[in-house]
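The numbers here are math on the coordinates, done by the rules we state, and not lab data. Since this is a predicted model, take the numbers as computed values, not measurements. Virtual Cβ from ideal backbone geometry, glycine too; neighbours counted across all protein chains shown.
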């Protein structure tokens, strides 16, 4: 249980880090280390080079961009957990991050690391998906911005080229008074969820749903939006019958069958958890 | 040391429990192994070595962290507190340690260093926690002896002992 031999670099600028990644074969970026280090210790990955970006300046911080929150890639999960800015503008993220690992791992783990690792059940990946976040990437040709839908390519696979670094993520802010909820089922607190559901809702002046975003994590190769639920909510005044019926549609979603749960069980969880998440989000929603 | 050499071995200078150390190490050495094998501070225990059990928890610049998931070379210029650095001196226990002793907060003692470092940070951030908050705080630390009840009692008792007195 020791990391395999590798060569270690700790550049201090994004440009140097990108240059190193372009020059070195089989390199891995080390951010907070809460996923890469276990994988190194267990020798699931055998990189020849480790590029530690902890000393790269300006990759950390939470910035208010008015209609969006921009979070630097190396921002520790702890900073997000305790950020008043995040709590007031995107309270769903505060609620979800408390389910990310434990205090000790949130002290080190970063948002960028979580997004690049792209575990199917990762809460922060679900947050990027539910908010339609924009991923900011630096490479040899400068910066580019990618919608999260294009950033996620497949199971634990991102659109990052080998010589690119995720430098930040931009979360569009929902209207004040929006409803939100994040609920997950895990065997133990802090474990990756078997299934998780996040919901964001906006009401119009009559109390009808004007905007809805629902994400389901842990089901498929990556967190997915429950589009049937979202579309069924728009323009409707939520009622028990409507919510029951819409959430039943989650039973038909693609689901993984593995050691943690069968596909059928995951689908049942998706139905139950989406129902609870919608109830909670509706109770927190105020009319426009 | 040239850049090529520095990519494989490095000199790391850091402070552990208030004492400055400088050692040349392999870059792949974890902080946990550095503390145990290089500094012979064997109070930090290694259980799972992949960030699940919490036994190796130390304080890195005052914040709890898994020492098995941090490289020693990443701690250049940083301040580490291990279980050895908690008590005020060799003859006096920290109030948190006293509370563990008095509430049967440990049996075999393997998880205890991680429990104490974790709770030290937690009680600093949250000096009068509820039982549920304590249970969440130690959810990243596995204990196979106590059933946790003694640990929870100890943490709640420690919070009382560590609270500033009215006179202070």
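Which of the peptides B:85-93, A:94-102 is most tightly packed, and how do the rest follow, going by the mean number of other Cβ atoms within 10 Å of each residue?
On the way: B:85-93: 11.4, A:94-102: 21.9.
Put in order of decreasing packing, that is A:94-102, B:85-93.
Note on A:40-47: average number of Cβ atoms from other chains within 10 Å of each residue's Cβ is 2.
Per the Debye calculation on chain A with a single equal scatterer at every Cα and no solvent contribution, log₁₀ I(q)/I(0) for q = 0.12 Å⁻¹ amounts to -0.75. Distance from the alpha carbon centroid of the stretch A:41-90 to that of the stretch A:213-288 works out to 28 angstrom.
Taking other C-beta atoms within 10 angstrom as a stand-in for reagent exposure, A:64, B:26 fall in the order A:64, B:26, fewest first. Taking other C-beta atoms within 10 angstrom as a stand-in for reagent exposure, B:161, B:36 fall in the order B:161, B:36, fewest first. Determine which residues of the stretch A:134-178 fall in the zone a paramagnetic label at residue A:254 would reach in this model, i.e. backbone nitrogen under 20 Å from the point 7 Å along Cα→Cβ. Inside the label zone: A:147-160. Inter-chain Cβ neighbour count for B:67-79, averaged per residue, equals 4 (cutoff 10 Å, partner chain atoms only).
So between residue B:107 and residue B:90, what do we pick up on full extension, going 0.36 nm a residue minus the alpha carbon distance?
Numbers: separation 17, 0.36 × 17 = 6.12 nm, distance 2.14 nm.
Length difference between fully extended and current span is 4.0 nm.
Counting only alpha carbon atoms, the long axis of helix B:112-125 and the longest principal axis of chain B meet at about 70°.
Please report, in whole Å³, the volume per residue of the convex hull around the C-alpha atoms of the stretch B:83-167. Display every interim value, and only then the final one.
Working: hull volume 8.3 nm³, N = 85.
Each residue corresponds to 98 Å³ of Cα convex hull volume.
Calculated on the Cα set of chain B, radius of gyration then Dmax: 16.9, 59 Å. Between 0 and 90 degrees, the angle of helix A:14-23 with respect to the longest Cα principal axis of chain A falls at about 70 degrees. Averaged over the residues of A:97-110, the number of partner chain Cβ atoms lying within 10 Å of the residue Cβ comes to 6.
Taking all Cα pairs closer than 8 Å and separated by 6 or more residues, the relative contact order of chain B comes to 22 percent.
Shown is the FRET efficiency for residue A:65 and residue A:159, computed with R0 = 22 Å from the Cβ-Cβ distance and rounded to the nearest 0.05: 0.45. In this label model, residue A:132 and residue A:268 are separated by 3.5 nm, measuring between points 7 Å along each Cα→Cβ vector.
Along the Cα-to-Cβ line of residue B:161, 7 Å from the Cα, sits a label point; which residues in the stretch B:86-129 have backbone N less than 11 Å from it? Residues passing the 11 Å test: B:93-105. Counting beta carbons within 10 Å around each of A:156, A:127 and listing the fewest first gives the order A:156, A:127. In terms of the mean number of neighbouring beta-carbon atoms within 10 Å, the peptides B:17-25, A:218-226, A:190-198 order highest first as A:190-198, A:218-226, B:17-25. Nearest 10 degrees is fine. How inclined is helix A:263-284 to the longest principal axis of chain A, computing both from alpha carbons? That works out to roughly 70 degrees.
Can you list the equivalent-ellipsoid semi-axes of the stretch A:179-284, largest first and in whole Å, using the square root of 5 times each Cα gyration tensor eigenvalue?
On the way: eigenvalues 123, 36, 22 Å².
For the stretch A:179-284, the ellipsoid semi-axes come out as 25, 13, 11 Å.
Listed peptides B:69-79, A:202-212, A:245-255 appear in the order B:69-79, A:245-255, A:202-212 once ranked by packing, highest mean of other Cβ atoms within 10 Å at the front. If you bin all the Cα-Cα distances of the stretch A:102-158 at 5 Å, starting from zero, the percentages per bin are 4, 17, 27, 25, 14, 9, 2, 0.
Restricting to DSSP H runs of at least four residues, report the calculated mean residue ellipticity at 222 nm for the protein assembly as shown, -39500 (n - 2.57) per run over all residues, nearest 500 deg cm²/dmol. Mind showing how you got there, number by number?
Numbers: 17 runs with 142 residues, N = 456.
Calculated from helices alone, the mean residue ellipticity at 222 nm is -8500 deg cm²/dmol.
In percent, rounded to a whole number, the relative contact order of chain A is 16, using alpha-carbon pairs under 8 Å and six or more apart.
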